[in-house]
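Worksheet: one structure, shown below.
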């Protein structure tokens with residue numbers, strides 16, 4: 001889950017092409033997260049990764065492709081973390097608290113990357129198609145997790161997806177300081193989110 005870290009990228013050494021691509025994706029994630037879509041170019045990415053421009057173009061046709069790869073890696077890392085939080089031992093309330101705190105942390109630390117993708121989607125319709133495909137993957141992951149914690153549940157998938165959308169909107173608002181600007185308490189919002197997730201986890205969950 002390299003995307004979870006914001007540590008400086010080490011000086012690269014010759015290695016497998018997959019390692020080179022991963023290093024480029026990691027550097028791209030850092031740059032887009034810091035400088036946004038418009039403020040990031042290929043030169044900035046390769047400088048952060050420690051490669052020449054030609055190396056970048058052996059792996060990606062343009063910076064937008066690198067952004068999509070970085071966002072995909074972020075999504076994979078996020079759901080690995082959330083999956084572990086859901087399946088780890090504990091009560092429904094304890095698991096719900098982990099889910100909310102992990103989501104809030106990841107969205108706060110990587111808000112710039114998500115914002116960069118939103119900017120890219122405005123100028124390239126292929127980006128929106130790629131984004132929708134990632135969303136479908138997330139829905140499938142969510143369905144598998146639900147089956148693991150609640151085999152044979154009758155809870156509709158729309159209910160779980162709606163809950164995820166609610167969580168994402170809430171933690172995104174926290175990332176840009178909306179609750180404070182509106183005179184609202186994030187602690188109260190967090191408690192309400194935890195309660196909603198707890199109820200969802202208990203719905204058909206025979207382990208708690």
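The values are calculated or read from the model by the stated rules, or taken from the named source; none is laboratory data. These numbers come from a predicted model, not from an experiment. Cβ: placed from backbone, ideal geometry, glycine included. Neighbour counts: every protein chain shown.
What single numbered condition from (1) in contact with a helix residue (DSSP H, G or I) (Cβ under 7 Å, 6 or more places away or on another chain); (2) at pLDDT below 95; (3) under 30 Å from residue 140 (Cβ atoms) fails to hold for residue 25?
Failed condition: (2).
With (1) surrounded by fewer than 17 Cβ atoms within 10 Å (Cβ to Cβ); (2) free of Cβ contacts under 8 Å to residues at least 60 places away in the same chain; (3) over 24 Å from residue 176 (Cβ atoms); (4) not assigned by TED's automatic domain parsing to the domain that holds residue 20 as the list, and residue 128 as the residue in question, which single condition is left unmet?
Failed condition: (3).
Listed residues 118, 159, 108; which is part of a helix (DSSP H, G or I) and touching a residue at least 60 places away in the same chain (Cβ under 8 Å)?
On the way: 118 fails: touching a residue at least 60 places away in the same chain (Cβ under 8 Å); 159 fails: touching a residue at least 60 places away in the same chain (Cβ under 8 Å).
So the residue among 118, 159, 108 that is part of a helix (DSSP H, G or I) and touching a residue at least 60 places away in the same chain (Cβ under 8 Å) is 108.
Before we move on, is residue 133 in a helix (DSSP H, G or I) and exposed (fewer than 13 other Cβ atoms within 10 Å of the Cβ)? Even if it seems obvious, please write down each step before you answer.
Working: in a helix (DSSP H, G or I): yes; exposed (fewer than 13 other Cβ atoms within 10 Å of the Cβ): yes.
When the stated conditions are applied, residue 133 passes them.
Given the criteria farther than 19 Å from residue 176 by Cα, surrounded by fewer than 19 Cβ atoms within 10 Å (Cβ to Cβ) and not assigned by TED's automatic domain parsing to the domain that holds residue 25, does residue 119 qualify?
Details: farther than 19 Å from residue 176 by Cα: no; surrounded by fewer than 19 Cβ atoms within 10 Å (Cβ to Cβ): yes; not assigned by TED's automatic domain parsing to the domain that holds residue 25: yes.
No, not satisfied.
Going through segment 181-191 one residue at a time, which ones are loosely packed, with under 12 Cβ neighbours inside 10 Å and in a helix (DSSP H, G or I)?
If the condition is that a residue be loosely packed, with under 12 Cβ neighbours inside 10 Å and in a helix (DSSP H, G or I), then 181, 187, 188 are the ones that fit.
Of all the helices (runs of 4 or more DSSP H) wholly in segment 17-82, which have at least 3 residues that are surrounded by 15 or more Cβ atoms within 10 Å (Cβ to Cβ) and touching a residue at least 12 places away in the same chain (Cβ under 8 Å)?
Values: elements: 17-35, 42-49, 53-57.
Fully inside segment 17-82 and qualifying: 17-35, 42-49.
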